[in-house]
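The structure appears below as structure tokens.
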Amino acid sequence: MLNDLKNILASIKMTDVHLWLGRLIIWSAAIITGLVIVLFARATEYAIAWFDQMQSALWWLPLIVMPVVGIFIVWATKRWFAGAAGSGIPQTMAALSYAEHQPIGHLVSIKIAVSKMGLVILGLAAGFSAGREGPSVQVGASIMHAFRRFLPQTFQIDPKHLILAGGAAGISAAFNTPLAGIIFAIEELSRKFEQRTNGVMISAIVLSGLVSISLQGNYTYFGSLRVSPIDTQILLPVLIGGLVCGVFGGIFSKTLIELTENLPGRITRLRTRHPLYWTGFCALLVAGLGIVSHGAANGSGYSLTKAMLNGSINETWYYPVVKYLSTIFTYLSGIPGGIFAPALSIGAGIGYDLASIFHYHHLTIAFSALCMAGFLAGVTQAPITSFIIVMEMIDGHEMVISLMAVSLIATVTSRIFSRPLYSVLAGQFTAGPPDQKRLDHP
């Protein structure tokens, strides 16, 4: 019996000091990742609140502040922090696709993580329509990957597993959705799952999630959803929401891809030869949309979405339109920032409008939740991630089947219009380190 116990302990290497040291280092990296993501989230909240106060005091000030700040952000990004551009998810996916011998410091590093957070916070303080969730993926991946240098030489782990775990932990801590972090890593980041990866990834998600909960409490992102009893009446809203969100989500992705790759002649020349002028132009458009919508087009859209789901606000019909356009122009401006939170907000607005159009007033909140999952699935073409993120964020487990259905319909519909957004964008980062000294790249 005693010999059997010794053999078992030896087989799982319980007494291997280097093995436990490696595990402690990985766990420490996960805890630090959770702490950094939480601090990043709070900083973005303060930035958005600061912009709201500025706009309330002087409605015209964003017309000056946004172009100036936007131009500075793009100039600084291109000159010093090229790897911090974009949402962060394509860079993380690209880093996972590199061969073992290829350098990836231009995609994931501590420098990129710090600059990414700073530039996103600055962009939100200026009023751009962006989110922090995509950047959190790159930040988490950068932190976890950076800790590889502290691991004992005898501790065998693929650096890509650390990137994958960090990206999953980033999305988990950003939304406080641990299950969605795992699914996101499998479905979107790597599109595969290895047995050797699961322990590292799950432990990173658990530890970063514990840090998030300890600092912010065990909350749901948009609060607990108060919906009418779900019955067969939800079938038509699921079909309508899936088709509409799939169409507009696909067009959204198609627009970002096409305007990045195939801008019309004069626009291409303006963007490539005078990228800072182009940024200023896009910033003016976002500022104008914010003025027209009384600030609804600015920021991540979190507060308005939460108010819609709580039933404490009657949103204007044009909200999803202005948010849709402001998010596109923000992305095209070249400033770092994500599209997850704006996409969820656009979806909520679409659902709110559809409930009014089709006279489903008693299902308004449920319709908004369905379209949040549907539009996010339409944009990302990642249906499992989309419905799980929304389900966990709104504590809407009673809607799980309808959320699954609307996400699947939206994804299939979106594929008619567009290629997968993040996969296409990731391809732009696989050619090697960019030349940070040039300002002629979009």
Using 1/(1 + (r/R0)^6) with R0 = 30 angstrom and r between the beta carbons of residue 247 and residue 398, what's the FRET efficiency to the nearest 0.05?
0.65
Count the net charge of all other residues whose Cβ sits under 13 Å from the Cβ of residue 323, scoring Lys and Arg as +1 and Asp and Glu as -1.
-2
Between segment 310-362 and segment 129-175, what is the separation of their alpha carbon centroids in Å?
30 Å
Go through segment 363-375 residue by residue and turn each phi into a ³J(HN,Hα) via Karplus (6.51, -1.76, 1.60, θ = phi - 60°); whole Hz please, and just put x for glycine and proline.
10, 4, 5, 5, 4, 5, 5, 4, 6, 4, 5, x, 5
What pairs in 78/116; 254/323; 78/254 have C-alpha atoms more than 22 Å from each other?
78/254
Here, residue 31 and residue 269, labelled 7 Å along Cα→Cβ, have an inter-label distance in nm of 5.9 nm
Stretchable slack from residue 101 to residue 72, in nm (0.36 nm times residue separation minus alpha-carbon distance):
7.0 nm
Could you sort 372, 117 by accessible area so the largest value comes first, with the probe set to 1.4 Å?
117, 372
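The values are calculated or read from the model by the stated rules, or taken from the named source; none is laboratory data. This one's a predicted model, so the numbers in the text were calculated from it and none came from an experiment. When we count neighbours, we look across all protein chains shown, and the Cβ atoms used for this are built from the backbone with ideal geometry, even at glycine. SASA here: full protein model, heavy atoms, side chains in, ligands and nucleic acids out. Shrake-Rupley method; radii C 1.70, N 1.55, O 1.52, S 1.80 Å.
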